[in-house]
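Asks: Before I ask anything, let me first share the structure, which is written out below as structure tokens.
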Amino acid sequence: MIAEKYRAILQQEKRNRFRRQDIFDLYYLFNNYQLPTRNEKRKILKSLIKKSESRQLQVNQYYMVNKEIIRRSKKEYPLLAQEIIIELPDFDIAYAEIQSFYESLPWGKIN
């Protein structure tokens, strides 16, 4: 699920979509459940790369800094406050956290 959420976020520009929910979902997951182990992170990255390649999307460790990805993720994010029962975290805080996790995946060490 984590790999699929990241893939959807990273593919926004290519598919001309806006994915506000995925940022919140990952933030909620990382803050309310045990973080993935090193081995699980390796599996997440392998899955992300496989899913991305099947959609002709080339990802790398720094893809989350893409300004268009950030803009598209943020555009409708405030609307989530009307759809969820908990307080919506600040977008910049949530995005920074999921970006940090993404960049911490074992890029270059997945074999």
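The values are calculated or read from the model by the stated rules, or taken from the named source; none is laboratory data. Treat the numbers as computed from the prediction; the structure is a model and nothing was measured. Every residue, glycine among them, receives a Cβ derived from its backbone with ideal geometry; neighbour counts consider all protein chains shown.
Asks: For the range 80-102, give me each residue that is surrounded by 12 or more Cβ atoms within 10 Å (Cβ to Cβ) and of a type outside the set (Phe, Trp, Tyr).
Replies: If we filter the range 80-102 for residues that are surrounded by 12 or more Cβ atoms within 10 Å (Cβ to Cβ), which is where we start, we get 80, 88-89, 91, 94-99, 101-102.
Those that are surrounded by 12 or more Cβ atoms within 10 Å (Cβ to Cβ) and of a type outside the set (Phe, Trp, Tyr): 80, 88, 89, 94, 96, 97, 98, 99.
Asks: From the list 103, 97, 53, 40, which one is modelled with pLDDT under 95 and of a type outside the set (S, T, N, Q)? Give the steps one after another, and end with the answer.
Replies: Details: 103 fails: modelled with pLDDT under 95; 97 fails: modelled with pLDDT under 95; 40 fails: modelled with pLDDT under 95.
Unique residue meeting the criteria: 53.
This table checks each residue for (1) among the small types (Gly, Ala, Ser); (2) buried (at least 16 other Cβ atoms within 10 Å of the Cβ).
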| residue | (1), (2) |
| --- | --- |
| 3 | yes, yes |
| 14 | no, no |
| 23 | no, yes |
| 27 | no, yes |
| 30 | no, yes |
| 41 | no, yes |
| 50 | no, no |
| 54 | yes, no |
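Asks: Can I ask one more? Is it the case that residue 106 is under 16 Å from residue 18 (Cβ atoms) and either in contact (Cβ under 8 Å) with a residue 40 or more places away in the chain or not in a loop (DSSP other than H, G, I, E, B) (or both)? Give the derivation first.
Replies: Working: under 16 Å from residue 18 (Cβ atoms): no; either in contact (Cβ under 8 Å) with a residue 40 or more places away in the chain or not in a loop (DSSP other than H, G, I, E, B) (or both): yes.
Here the answer is no, as residue 106 does not meet what is asked.
Asks: Something else about it: Can you tell me which residues in the range 1-32 are part of a helix (DSSP H, G or I) and among the aliphatic types (A, V, I, L, M)? Before you say what the answer is, go through the steps one by one.
Replies: Pass one, the range 1-32, residues part of a helix (DSSP H, G or I): 2-10, 12-15, 20-32.
2, 3, 8, 9, 10, 23, 26, 29, listed by residue number.
Asks: So, one more: Pairs under 6 Å by beta carbon, first residue closer than 14 Å to residue 15 by Cα in the range 47-70, partner basic (Lys, Arg), six or more apart or different chains?
Replies: From residues that are closer than 14 Å to residue 15 by Cα, the pairs are 52/7.
Asks: Moving on. Could you give every pair whose Cβ atoms fall below 6 Å, whose first residue belongs to the range 1-20 and is over 11 Å from residue 69 (Cβ atoms), and whose second residue is buried (at least 18 other Cβ atoms within 10 Å of the Cβ) and of a type in the set (Phe, Trp, Tyr), counting only separations of at least 6 or pairs across chains?
Replies: So the pair list comes out as 20/77.
Asks: May I ask you to say which residue of 84, 70 is part of a loop (DSSP other than H, G, I, E, B) and either on the phi < 0 side of the Ramachandran plot or in contact with a Pro (Cβ under 9 Å, 6 or more places away or on another chain) (or both)?
Replies: On the way: 70 fails: part of a loop (DSSP other than H, G, I, E, B).
Criteria check complete, one pass: 84.
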